[in-house]
Amino acid sequence: MAEIIDGKKIASEIKEEVKSEIEKLKSKGITVGLAAVLVGEDPPSQVYIGMKSKACQKVEIYSEVLKFPQQTPESELLSQIDVLNKRPDIHGILVQLPLPFHIKEDKMIQRIDPKKDVDGFHPFNVGMMVVGKPIFLPCTPFGIQQLLTRSGNDPSGKHVVILGRGNIVGRPLSILLSQKAPGANATVTLCHTKTDNMSELTKKADILVAAMGKPKFVTKDMVKKDAVVIDVGVNRIEDPQSKKGYRLVGDVDFESVKEIAKSITPVPGGVGPMTVAMLLCNTLKAAKLQTKISVL
Ligand code: GUN
């Protein structure tokens, strides 16, 4: 039976590290600040923003959530980003995705000052990651890398198979783990909706990452014995027995896959808490860069 990789515990360790750094900055008179922009009423986004803001409180990062109605014009949101870019008390800015249809995600992301882009989504930061000179790594791929290295599953020399080529997880993770760098050096296969014989590839994975957003897609027959399985999926499925009327399941059929894997992340409590922890790391780094305090 697989060992469960405890993302909550590893995230707590990282948050402790961040907290002690934040305290050092406080003693120099610097309060680290993060602004989060939330547009509309998307329920998961509201939950994520709540978790990010609570995590900031815990490590004493000042956080501000700017909430806008669904119909807010794009031009108004862009002006708000201009204001945040100029504020010296705000070191990090994030725009929670997805955005309503009338707002262009690219345009919003590109308006954020790359020095404050703590999500690592700005093309400048994506480019720096691609050429192996990262400044801000996107939080979920960064979190998965930390989860692997800190749980004793360094990807170096391993065959990593990633399911899903999205801009937030799959594609940047494929770049990150194939870098010539500590915590990387993997051989990466990136699978997507047009991949032929997906099971043949997944069965070759030493480390299998599921990030395509399909509930319980990865089943036992798709996994090599003693593989490490990382589940990025957060899918709400109806559950009349639950108080909320739904429950969360990953992209991996946890119950069957845990019988064959060496290690596996649960949902919730796996990758999710790591994403939040890495956002705090990036915000700390942003504050250090902007206040010219060297990054440790
Ligand atoms: N939506 C899903 N994941 C993320 C994330 O990491 N950052 C932002 N801003 N939005 C998201």
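Just checking: which of the helices (runs of 4 or more DSSP H) contained wholly in the range 121-213 hold 3 or more residues that are away from the ligand (no atom under 15 Å from the Cβ) and more than 19 Å from the chain's Cα centre (by Cα)?
198-202
If you scan the range 240-296, which residues turn out to be of a type in the set (D, E, K, R) and under 30 Å from Gly33 (Cβ atoms)?
Lys285, Lys288, Lys292
In the range 41-66, how many are among the aromatic types (Phe, Trp, Tyr) and either away from the ligand (no atom under 12 Å from the Cβ) or in contact (Cβ under 8 Å) with a residue 60 or more places away in the chain (or both)?
Let us first name the residues in the range 41-66 that are among the aromatic types (Phe, Trp, Tyr), namely 48, 62.
Narrowing further to those that are either away from the ligand (no atom under 12 Å from the Cβ) or in contact (Cβ under 8 Å) with a residue 60 or more places away in the chain (or both): 62.
Count: 1.
In contact with a strand residue (DSSP E or B) (Cβ under 7 Å, 6 or more places away or on another chain), closer than 23 Å to Lys292 by Cβ and of a type in the set (S, T, N, Q): does that describe Thr31?
Numbers: in contact with a strand residue (DSSP E or B) (Cβ under 7 Å, 6 or more places away or on another chain): yes; closer than 23 Å to Lys292 by Cβ: yes; of a type in the set (S, T, N, Q): yes.
When the stated conditions are applied, Thr31 passes them.
Provide a single number: the residues in the range 214-245 that are more than 23 Å from the chain's Cα centre (by Cα) and farther than 11 Å from Ala2 by Cα.
Here is the first cut: in the range 214-245, the ones more than 23 Å from the chain's Cα centre (by Cα) are 219-226, 238-245.
Narrowing the set further to residues that are farther than 11 Å from Ala2 by Cα leaves 219-224, 238-245.
The number of residues fulfilling the criteria is 14.
Out of everything in the range 1-40 that is touching a Cys at 6+ places or on another chain (Cβ under 7 Å) and of a type in the set (Val, Ile, Thr), what residue ends up being nearest to Glu60 (Cα to Cα)?
Looking at residues that are touching a Cys at 6+ places or on another chain (Cβ under 7 Å) and of a type in the set (Val, Ile, Thr), I get Val18.
Any residue in the range 53-62 that is acidic (Asp, Glu) and in a strand (DSSP E or B)?
no
Residues Ser53, Ser79, Ser63, Ser12: which one is among the small types (Gly, Ala, Ser) and more than 21 Å from the chain's Cα centre (by Cα)?
Ser79
Pairs needed: first member in the range 10-39, over 19 Å from His91 (Cα atoms); second member anywhere, part of a helix (DSSP H, G or I) and more than 16 Å from the ligand (Cβ to nearest atom); C-beta distance under 7 Å; at least 6 residues apart or different chains.
What qualifies is Ile10/Arg150.
Just checking, how many residues over the range 86-102 are assigned to a loop (DSSP other than H, G, I, E, B) and within 13 Å of the ligand (Cβ to nearest atom)?
4
Name every residue in the range 37-48 that is surrounded by 15 or more Cβ atoms within 10 Å (Cβ to Cβ), within 16 Å of the chain's Cα centre (by Cα) and not polar (S, T, N, Q), in order of residue number.
Tyr48
Where in the range 227-296 are there strands (runs of 3 or more DSSP E), lying wholly inside it, with at least 2 residues that are surrounded by fewer than 24 Cβ atoms within 10 Å (Cβ to Cβ) and in contact (Cβ under 8 Å) with a residue 60 or more places away in the chain? Before you say what the answer is, go through the steps one by one.
Details: elements: 228-231, 235-238, 246-249.
Qualifying strands (runs of 3 or more DSSP E): none found.
Out of all the residues in the range 20-36, is one or more within 18 Å of the chain's Cα centre (by Cα), part of a helix (DSSP H, G or I) and more than 16 Å from the ligand (Cβ to nearest atom)?
Scanning the range 20-36 turns up no residue that is within 18 Å of the chain's Cα centre (by Cα), part of a helix (DSSP H, G or I) and more than 16 Å from the ligand (Cβ to nearest atom).
Read-outs: derived from the displayed coordinates by stated rules, not from any lab. Quantities reported herein were computed from a predicted structural model and do not represent experimental measurements. Every residue, glycine as well, gets a Cβ built from its backbone with ideal geometry; the counts of neighbours run over all protein chains shown.
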